[in-house]
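The values are calculated or read from the model by the stated rules, or taken from the named source; none is laboratory data. These figures come from a predicted structure and were not determined experimentally. All Cβ positions, glycine included, derive from the backbone under ideal geometry; neighbour counts span all protein chains shown.
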Amino acid sequence: MLANTLVAAAGLFIVGAAFSVIYAATGVFHFGVGAALALGAYVAYLAAGILHIPLMGAIVLALAAASACGWALGRWLFLPLQRRRASSLIQMLASLGAYIVVQECIALFMGDEARSLLPGRQVSVVSLLGARLTSIQLGILAISILVAGGGWWIGRVSRVGLVFRAVSSDPTLARISGINPDRVALGCFAMGGLLGGVSGIMVGLDLVITPTMGLHALLLGVVATLIGGVGSLAGLLVASLVVAFLQQFGVLALSSEWLDVIVFLMLIVIMLWRPGGVMGLRLRRS
Amino acid sequence: MKNSRFLALAAAAGLLLIGGCGGRQGDYVIGATLPLTGDAAQWGIPPSRGAELAVKQINEAGGIHGRKLKLVTEDTRCHPKDGVSAYRKLTQSVHPAAIVGGVCSSVTLAIAPLAERDGVVLVSPASTNPKISQAGRFIFRVIPSDDLRGKAFARYLHDQVGLKKVAILYVNNEGGVGNKESFSRTFTSLGGKVVAAEGYAQEATDLRAQLTKIKGMDCQAVVVVSYPKDTVLVMKQSREIGLGLPLYFQTEAVEDPSVLRDAGKAAEGALYILPAQASGDTVKRFKEAYKKAYGKDPELFAAEAYDAVQLIAAAFRSLPAKEKVTGDPVRRYLEGVKKYQGASGVITFDKNGDVVKPMAIKKIQNGKPVLVTTIGG
């Protein structure tokens, strides 16, 4: 049970990170991550299942496609709207539109049924401290630790992080200091797309892929982000664990039909209690 | 000027009316409400093919009373709301006397009251929810009710396999709940115990929490009510978490080609119940014709939909050629159907419009379905 919780939390964490990267940089609740997530999963499926490219190659291809998807959404959807000073509501709706286009295109070309990235293959199971994990779940854990470490390093230590924080706290001042905020935003979109692709492939390997997988994964990731507080990596990590724990143990205590109810109820309670998230800053008064 | 504009409008309206009629005047029309997109499309496309095949054969043999038979299909997406729209679209455009559908029980139950009110005959090729028995006089089905299946499975598992304590894992929709209820009612009445009944959402992909919960309980086996997608998930994930309990599937989903392909070794040993395979000349001819038309063996519910169309066509044929077809005489004809040799087996409707058929217990062995035994009938 604990192992299941950790794996679920790792999945949430990566989607949450993908969402936060874009949200923090642009202030837009962007559904593009969901599109990149599903696209990545399906590119991997096409490459591995139909074109018979070895799995590793397929994954690299899929990640490239996912981050390209993120970048393209930034370049041709976010920036043009930004230039016209569209409100964040418009931005959000536009991104939802883009997400639906991607989802329906996948459904049209690939069909609606669930597909497996590893059809018919039995995944090896490892026993670790009394818990049973598949090799894929171990991979998910390892990758999320990598993302957490990498995210911390980029955010706090590297120059990229400095630029990123400069832009998100004051775009005008950043521009004066010679930073191009558009390029930073595009970088964040590509990064968000990449992380979305990572989580899409992980879900695909562990479970199955469907055209609608993007939204469901994204919503839970967003819940974790909001509970943790936007922009706080540690907050996201803790919130992912809490959400995953609630989901898994909620099934034990109550019946499994209540799974999603518990999670979203928790979101509402936290938002009422601390609108900025548990670890986040208090909302600025402006 | 004014006149010519009026004429143009009238012409446009006339065109619309003709277009709205859907087909030439004088065709016999059968409607179909099936899920052609969405999660359940895999269960809607085969019956639409089966129905089309029947229509094609009837027309090639000269139609009905020298007139063509036409099938108009609308998509339900396996959602009650979309099912009702599909039904309305059909009844408002082509006015069919009879409709083949729905596939998902939730959709059939949503359409049934409307069909009953409008006097339109509904023949479901796939809905197995027990509630449909009481849905009305115009509602028929060529697939046995879950009640029949649930009762037979509970009796088989209790009496033949010797199970006393089981857990149930079911998809939480009309169909899943109906199956779960009829199984647990019979199993409990025989003296068995259902230690847990865990539901999951139709679109769920991670069932490990539910399976882990069942793993920690005192039971001998898990009875699963699932769709093809979740069947694969249950098979794989129960191995991943080391469930260590035999799985008994109260669904024909196990036989779906996608399940055998995607589950691979994890499907090995799975035991399941489904309506017994039909045999005889009609069955053989149907299989050959289907393979010729679509390049594969008939998939789930294709034979049932084929029979539904054939039965409705037979009802049309029994009426005087000139009479305008309405639902009522079709209903009366179907009520009298006894021992009809169909592609899906021998069909007799009981007083609720339910078909009575024998059940088969099968098992996956070396990646192939193998018949264990046949019960009831």
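Comparison of B:Gly242, B:Gly175, B:Gly199 shows that the only residue that is of a type in the set (Gly, Ala, Ser), assigned to a strand (DSSP E or B) and assigned by TED's automatic domain parsing to the domain that holds B:Lys363 is B:Gly199.
Filter region A:206-220 for residues that are in a helix (DSSP H, G or I) and either at the interface with another protein chain (Cβ under 7 Å from one of its Cβ atoms) or in contact (Cβ under 8 Å) with a residue 24 or more places away in the chain (or both); which is surrounded by the fewest Cβ atoms within 10 Å (Cβ to Cβ)? Give the steps one after another, and end with the answer.
Let us first name the residues in region A:206-220 that are in a helix (DSSP H, G or I), namely A:206, A:213-220.
From the residues that got through so far, the ones that are either at the interface with another protein chain (Cβ under 7 Å from one of its Cβ atoms) or in contact (Cβ under 8 Å) with a residue 24 or more places away in the chain (or both) too are A:206, A:213-215, A:217-218, A:220.
Numbers: A:Asp206: 24, A:Met213: 25, A:Gly214: 31, A:Leu215: 18, A:Ala217: 27, A:Leu218: 27, A:Leu220: 23.
So, considering only residues that are in a helix (DSSP H, G or I) and either at the interface with another protein chain (Cβ under 7 Å from one of its Cβ atoms) or in contact (Cβ under 8 Å) with a residue 24 or more places away in the chain (or both), the one surrounded by the fewest Cβ atoms within 10 Å (Cβ to Cβ) is A:Leu215.
Scanning region B:250-281 for residues that are hydroxyl-bearing (Ser, Thr, Tyr) and exposed (fewer than 15 other Cβ atoms within 10 Å of the Cβ) yields a count of 1. Checked against (1) modelled with pLDDT of 75 or more; (2) of a type in the set (Gly, Ala, Ser); (3) assigned to a helix (DSSP H, G or I), A:Ser168 meets all criteria but (1). Being away from chain A (no Cβ under 11 Å), within 22 Å of A:Trp258 (Cβ to Cβ) and of a type outside the set (D, E, K, R) narrows it down to one of B:Val194, B:Val283, so name that one. None of the others qualify; the one that does is B:Val194.
Residues that are hydroxyl-bearing (Ser, Thr, Tyr) and within 20 Å of the chain's Cα centre (by Cα), at least 3 per element: which helices (runs of 4 or more DSSP H) completely within region A:51-135 meet that? Steps first, please.
Values: elements: A:55-73, A:79-83, A:88-110.
Hits in region A:51-135: A:88-110.
Only residues that are under 19 Å from B:Leu53 (Cα atoms) and surrounded by fewer than 18 Cβ atoms within 10 Å (Cβ to Cβ): list them for region B:334-349, please. Selection gives B:Gln341 alone.
Regarding region B:282-296, can at least one residue be identified that is over 18 Å from B:Val372 (Cβ atoms), crowded, with 21+ Cβ neighbours inside 10 Å and out of contact with any strand residue (DSSP E or B) (no Cβ under 9 Å at 6 or more places or on another chain)? Show your work before the answer.
Filtering region B:282-296 down to residues over 18 Å from B:Val372 (Cβ atoms) leaves B:282-296.
Those still in the list that are crowded, with 21+ Cβ neighbours inside 10 Å too: B:286, B:290.
Then drop every residue that is not out of contact with any strand residue (DSSP E or B) (no Cβ under 9 Å at 6 or more places or on another chain), which leaves B:290.
Yes, region B:282-296 has at least one match.
Among the conditions (1) surrounded by 22 or more Cβ atoms within 10 Å (Cβ to Cβ); (2) out of contact with any strand residue (DSSP E or B) (no Cβ under 8 Å at 6 or more places or on another chain); (3) more than 25 Å from B:Thr251 (Cβ to Cβ), the only one that B:Arg77 does not satisfy is (3). The listed residues are A:Gly49, A:Gly40, A:Gly97, A:Gly57, and the only one of them that is buried (at least 22 other Cβ atoms within 10 Å of the Cβ) and on the phi < 0 side of the Ramachandran plot turns out to be A:Gly40.
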